[in-house]
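The values are calculated or read from the model by the stated rules, or taken from the named source; none is laboratory data. All values derive from a computational prediction rather than experimental measurement. Counting neighbours? That spans all protein chains shown, and the Cβs are built from the backbone with ideal geometry, glycine included. Heads up: the accessible areas ignore ligands, DNA and RNA and are worked out on the full protein's heavy atoms, side chains in. Shrake-Rupley method; radii C 1.70, N 1.55, O 1.52, S 1.80 Å.
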Amino acid sequence: MQQLTVNLDDRSYPIHIGSGLLDRVELLAPHIAGRQVCIVTDDTVAPLYLDRLIRTLADYKVLPVVLPTGEAFKNWATLQQIFDALLGARHDRRTTLIALGGGVIGDMTGFAAACYQRGVDFIQIPTTLLSQVDSSVGGKTGINHPAGKNMIGAFYQPKAVLIDTDSLRTLPDREVSAGLAEIIKYGLIRDEAFLDWLEQNMAGLLALEPSLVTAAIARSCAIKAEVVAADEREGGVRAILNFGHTFGHAIEAHQGYGTWLHGEAVGAGMVMALQLSAALGWISAAQQQRGTALIGAAGLPTAPPPNMAAADFTRLMAVDKKVLDGQLRLVLLKRLGEAVVTADFDNQTLRSVLAAAG
Ligand code: NAD
Ligand code: GLY
């Protein structure tokens, strides 16, 4: 088992990564203050792992809450089901919420924990590759609004993150590729040597070879932990973690949440961000092609949906959370392995990239 730490002073927390961790109550117990535990999961993950986690927590009073699966349910109505269950079972302020599932469950459970009785503890047990390398770490929680992705939420850190790599065995191939999008993101924004390694090992990663997947998760979590520790509430550098996301979120909102997976939209969005970085002359055409090829090799789309026009992107990108005083800021690459958050790009160049994509 590997252990990393997200360093946030008195709110620091461990990330445990390894095989068989779902059975290890000693990794959870130090982070559970009372006897009440509420496991939040979805109706896809529940038949796979819920009973096992309940057995691990046999010494606690466990309330399972099983939500409908999918991005389309990351909304107020589903969130309300968590509060209804907690209040119905009279969970008090010492309750601990556990998110067992992908990023949708993690984001909603974290937001519920941030709000319930003005804040209770929560633990992340991510079960998709995407949630293991990204969403379970860093404390961004929330739900979607029809007008924009993740528009309602809170920064609220978990007490611990438990990554059982065995849970990936049941993950559909499409979801594996979606997770690889965020892994590739870390290489593009922060670590060119990791990008080399991903190029060399993509076939093994797609086949979920345990040592490779564990190494990719550990490197991704280490980069994310470092960035979050430097800028927890995204006043600056943390925004680089959104590389490709401004385009990607527009794709998700336009297609209807859940039609394109988040990782797929991020894949196509990163290709567009590479195009813009190259069009501005910041990276070479060869570097742009190298990044695009890696995204394609991971089984991800390298172009946005054909039914999206430039005007759709412009409209939807205007509600991005990085917009400040009406000005759009984007994460672009200065070189492979170095990202910047900037409003300093030529709008005509952006329009031509959007027009070429649509
Ligand atoms: P998801 O939660 O929808 O899970 C994907 C699918 O896999 C679902 O159908 C789920 O039921 C299923 N599943 C989960 N674990 C499984 C397993 N072990 N075996 C079989 N099936 C399994 O999607 P996701 O890709 O995990 O997360 C995407 C969400 O995460 C988006 O809402 C995105 O906005 C959010 N996100 C948040 C952050 C953050 O920092 N908070 C970062 C990145 C993404
Ligand atoms: N996934 C972007 C962030 O956590 O900041």
> Under a 5 Å amide H to amide H cut-off, with H placed in plane at 1.01 Å, what residues pair with Val323 once short-range neighbours are removed?
Replying inline: Arg329
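What does the extension gain come out to for Arg174 and Ala77, with contour length at 0.36 nm per residue minus their alpha carbon separation?
Working: separation 97, 0.36 × 97 = 34.92 nm, distance 2.72 nm.
Roughly 32.2 nm would be gained on extension.
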> What Rg and what Dmax come out for the chain when only alpha-carbon atoms are used, in angstroms?
Replying inline: 19.6, 62
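Given Cβ point charges of +1 (Lys, Arg) and -1 (Asp, Glu) and nothing else, what value in debye, to the nearest 20, does the dipole of the chain about its Cα centre take? It would help to have the intermediate numbers written out before the result.
Values: 30 positive and 36 negative charges, 115 e Å.
Approximately 560 debye in magnitude.
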> How much of the calculated P(r) for the stretch 166-207 lies past 17 Å, in percent of all Cα pairs?
Replying inline: 33
>> Distance cut-off 28 Å, Cα to Cα: go down the list Lys61/Lys149; Lys149/Lys224; Lys159/Lys334; Lys61/Lys185; Lys149/Lys185; Lys74/Lys321 and report the pairs above it.
In response: Lys61/Lys149; Lys159/Lys334; Lys61/Lys185
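Using 0.36 nm times the number of residues separating Ile152 and Arg118, minus their current alpha carbon distance, what extension gain do you get?
Length gained, Ile152 through Arg118: 10.6 nm.
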>> Only bridges whose two residues both fall in the chain count here: according to DSSP, what percent of them are antiparallel, nearest 5?
In response: 40
>> Taking only the Cα atoms of the stretch 239-358, how large is their convex hull per residue, in Å³?
In response: 94
> What does the stretch 1-132 give for Rg and for Dmax, in Å, if only its C-alpha atoms count?
Replying inline: 13.9, 38
>> Ignoring ligands, DNA and RNA, please state the percent of accessible area on the chain from carbon and sulfur, probe 1.4 Å.
In response: 51
>> Positive end of the dipole of the stretch 212-314, charges at C-beta (+1 Lys, Arg; -1 Asp, Glu), about the Cα centre: which of Gly263, Leu294, Gly236 has its Cα farthest in that direction?
In response: Leu294
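Skip the ligands, DNA and RNA, and give the accessible area per residue of the stretch 1-116 with a 1.4 Å probe, whole Å². Write out the running numbers ahead of the final one.
Working: 5140 Å² over 116 residues.
Averaged over the residues of the stretch 1-116, the accessible area is 44 Å².
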>> Could you check the spin-label model distance between Ser352 and Gln327? Points 7 Å from the Cα along Cα→Cβ, value in nm.
In response: 2.3
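What do the square roots of 5 times the Cα gyration tensor eigenvalues come to for the stretch 177-300, in whole Å, largest first, as semi-axes of the equivalent ellipsoid?
On the way: eigenvalues 81, 65, 57 Å².
Over the Cα atoms of the stretch 177-300, the ellipsoid semi-axes are 20, 18, 17 Å.
I need to check one value: relative contact order of the stretch 121-162, counting alpha carbon pairs closer than 8 Å and at least 6 residues apart, in percent. Let's see the in-between values first.
Values: 56 pairs, mean separation 20.5, N = 42.
Over the stretch 121-162, the number comes to 49 percent.
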> Mean residue ellipticity at 222 nm from the helices of the chain, using -39,500 (n - 2.57) per DSSP H segment of n ≥ 4 over the full residue count, to the nearest 500 deg cm²/dmol?
Replying inline: -13500 deg cm²/dmol
> Between the stretch 199-215 and the stretch 80-114, what is the C-alpha centre distance in whole Å?
Replying inline: 33
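Expressed in nm to one decimal, what extension gain is obtained for the pair Ala318 and Arg11 from 0.36 nm per residue of sequence separation less their Cα-Cα distance? Could the numbers behind the result be given before it?
On the way: separation 307, 0.36 × 307 = 110.52 nm, distance 3.35 nm.
Full extension of this stretch gives 107.2 nm more.
Can you figure out the FRET efficiency of Arg52 with Asp344, using R₀ = 56 Å and their beta-carbon distance, to the nearest 0.05?
Values: r = 51 Å, r/R0 = 0.91.
Once the sixth-power term is evaluated, E becomes 0.65.
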>> Below 14 angstrom from the Cβ of Ala154, what's the summed charge of the other residues (Lys, Arg +1; Asp, Glu -1)?
In response: +2
